[in-house]
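Just below is one structure, and these are the notes that go with it.
The values are calculated or read from the model by the stated rules, or taken from the named source; none is laboratory data. The structure displayed is predicted, hence computed values, not measured ones. Here Cβ is always computed from backbone atoms with ideal geometry, including for glycine, and neighbour counts include all displayed protein chains.
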Amino acid sequence: MPNTVIVGAQWGDEGKGKIIDVLTEEADVVARYQGGNNAGHTVEIGAEHYVLHLIPSGILHDDKICVIGNGVVVDPLALLGEMDALHARGIATKDKLLVGDRCHVVFPYHRLMDESREARLARGRKIGTTKRGIGPSYGDKASRQGLRACDLVDPAFPDLLAQRLEEVNSVLQAVGAEPVDPPRLTAAYAVAAERLAPYITDSVVYLNRAVASGKSVLFEGAQGTMLDIDFGTYPFVTSSNATAGGACTGTGVAPHRIDRVVGVVKAYTTRVGEGPFPTELDDETGKHIGRTGHEFGATTGRARRCGWFDAVVARYSAMINGIDMWAMTKLDVLDALETIRICVAYDCGGERLDRVPANVRRLVRCRPVYEEMPGWRASTRNARRMEDLPAAARAYVDRLCEITGVPLGLLSVGADRNSTLRAGL
Ligand code: IMP
C-alpha cells in the first residue's frame, strides 16, 4: 500500500477509526501524528466494540506495528490504562507499540489548567474542550517548558519536574486551584515511566527506516481539519495540526515520502464542543440524525451537534490536505430522510462566499445556501457494492464528490468492517 495519510475533513468524529482499521490490513505500520487522549476512535469487529484514545487501532491486528509519533501529547496514566484494558482482552502491546521519545507528556496540572481556564471563560467564549489537558500541554511545548517522554525515563526526571512545578504551582494558586505535591507526582510518574520505558524509543528513526526499507505506513490523524490550530475555526479548535501537514511534523517523515491523502468525511456534519457550525440543525431532523448515527462523543459522552453536509468546509479541507479521495462514512444514517440538503455556499450579509472565512465572528453570521436532493427512503446497510445502492443514494454521493471535486475511494454504510464499499481505494 502507498504511504497514506488519513485525515478528518470536518470537525472530527468522521469515522476515521473504522477507515483506519480497514486500511490497516494493507499497511505494515500505523503512526498517529497529533492530538492526545482527547480523541476517541471506535472500532467494531463482529460483536466486539473497542474505543481507543491514544493507541492506534492497528493494535487490534496481530502483525502491525503501532507508533505514537512525536506530535502526540501523551498522558502516561491514560496510556497505561488503555494498554491494561487491551491486555485484559487478550490483545498484546509488547513489541507492537512504540512511543516517540519526543512526545510531550501530559501531567495532571495540565488537566487542572484546562478545567480552570474553561471555567473562567465567559459564556460564548468557552471552547468546550475535552478537559484532558491537551491545550496546556501543547502550550508548554510551544513555550519550551514541556517535559517529553525522553525526560520521563531520564534519571534527572524528579529534578526536571520539581523545577517545572515551581512555576506551575504559582499559576495554580493564582487561579485558586490546589497546588501539586512534587514528591507525590514524581512517585506516580516514576512508576508509569518504569512501565512505559520499554515502549519509549526514537520513533523518528524507526519510521524513516521503515519507509526506506519499503514498508508501508498509514499516518493516522485525530480530530479534523476544522479543529486544526491553524486552519480550523480558531479559537474553537484543538491545539495541534490535525491536517495532513501534521503527519510530517508529527512523525519526522518528509512530505515527499507520503504518497496520498485520504479524507474521511461523513455524509452529513457533526461537531462536539462549542464554536460556529453553519449547517447545524436545531430541529427534529438534527435529533433524528443524532439518534440514528449514535452521535455521542467517544471520549466525553457529550451529544454531538448535527447538521447537513457542508461542501464549503469539505472543499476547504480538500484544498488544505490535498485530499486524493474521500472515504465517506455513515451514509446509512440518512436512509429514512425524505429530502436531504447540501450546503453549497454561505450567504454572509448578502455576500455569497464559497470559502471558510478566517474570522469566526464573520462565520457565525454566515447562513448556508442549500441545494436539495430527494432522499432514498430505503436501507443502504446491506449494500456491499456501489451497484447495490438505491439510485437516489448513489446520486447524492456522486453530487457530493462532484461539488467538492474529489473522487470517492470508499463508502461506509455501517459500523462493522464488512459494511464498507470499495470504490477505487
Ligand atoms: P481539546 O482538544 O480537548 O482542547 O478540545 C478542543 C475542541 O476540540 C473542543 O471543541 C473539543 O470538543 C474538540 N475535540 C477534541 N478532540 C476531539 C475529537 O476527537 N473529536 C471531536 N472533537 C474533538
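Please go through region 305-347 and pick out each residue that is polar (S, T, N, Q) and within 30 Å of Pro255 (Cα to Cα).
Ser317, Asn321, Thr329
Would you be able to tell me the number of residues in region 1-54 that are at pLDDT below 95 and in a strand (DSSP E or B)?
Residues in region 1-54 being at pLDDT below 95 and in a strand (DSSP E or B): 10 in total.
Looking at this structure, is Thr269 within 16 Å of the ligand (Cβ to nearest atom), of a type in the set (S, T, N, Q) and in contact with a Phe, Trp or Tyr (Cβ under 9 Å, 6 or more places away or on another chain)?
Answer is yes for this residue.
Please enumerate the residues belonging to region 92-127 that are surrounded by 15 or more Cβ atoms within 10 Å (Cβ to Cβ) and charged (D, E, K, R).
Within region 92-127, Lys96, Asp101, Arg102, Arg111, Asp114, Glu115, Arg117, Glu118, Lys126 qualify.
Regarding Asn418, is this residue modelled with pLDDT under 95 and either in the same structural domain as Trp308 (by TED's automatic domain parsing) or within 26 Å of Glu274 (Cα to Cα) (or both)?
yes
Give the number of residues within region 21-40 that are buried (at least 24 other Cβ atoms within 10 Å of the Cβ) and either within 13 Å of the ligand (Cβ to nearest atom) or in the same structural domain as Gly322 (by TED's automatic domain parsing) (or both).
The total comes to 7.
Listed here are the residues, each with its yes/no results for (1) more than 16 Å from the ligand (Cβ to nearest atom); (2) crowded, with 19+ Cβ neighbours inside 10 Å; (3) among the aromatic types (Phe, Trp, Tyr).
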residue: Thr129; (1), (2), (3): no, yes, no
residue: Arg132; (1), (2), (3): no, yes, no
residue: Pro136; (1), (2), (3): no, yes, no
residue: Gly139; (1), (2), (3): no, no, no
residue: Ala149; (1), (2), (3): yes, yes, no
residue: Val153; (1), (2), (3): yes, no, no
residue: Ala156; (1), (2), (3): yes, no, no
residue: Ala162; (1), (2), (3): yes, no, no
residue: Leu165; (1), (2), (3): yes, yes, no
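Identify the single condition in (1) of a type in the set (D, E, K, R); (2) over 17 Å from Gly15 (Cα atoms); (3) assigned by TED's automatic domain parsing to the domain that holds Cys401 that Arg257 does not satisfy, given that it satisfies every other one.
With respect to (1) of a type in the set (D, E, K, R); (2) over 17 Å from Gly15 (Cα atoms); (3) assigned by TED's automatic domain parsing to the domain that holds Cys401, Arg257 is out only on (3).
If I ask for residues that are among the small types (Gly, Ala, Ser) and outside any loop (DSSP other than H, G, I, E, B), which ones from region 370-425 would you list?
Ala391, Ala392, Ala393, Ala395, Gly409, Ser412 - these are the residues of region 370-425 that are among the small types (Gly, Ala, Ser) and outside any loop (DSSP other than H, G, I, E, B).
Only one of these is more than 16 Å from the ligand (Cβ to nearest atom) and under 19 Å from the mean Cα position of the chain (by Cα): Ala303, Ala298, Ala254, Ala314. Name it.
Checking each option against the conditions leaves just Ala314.
Only one of (1) in a helix (DSSP H, G or I); (2) within 20 Å of the chain's Cα centre (by Cα) fails for His87. Which number is that?
All conditions are met except number (2).
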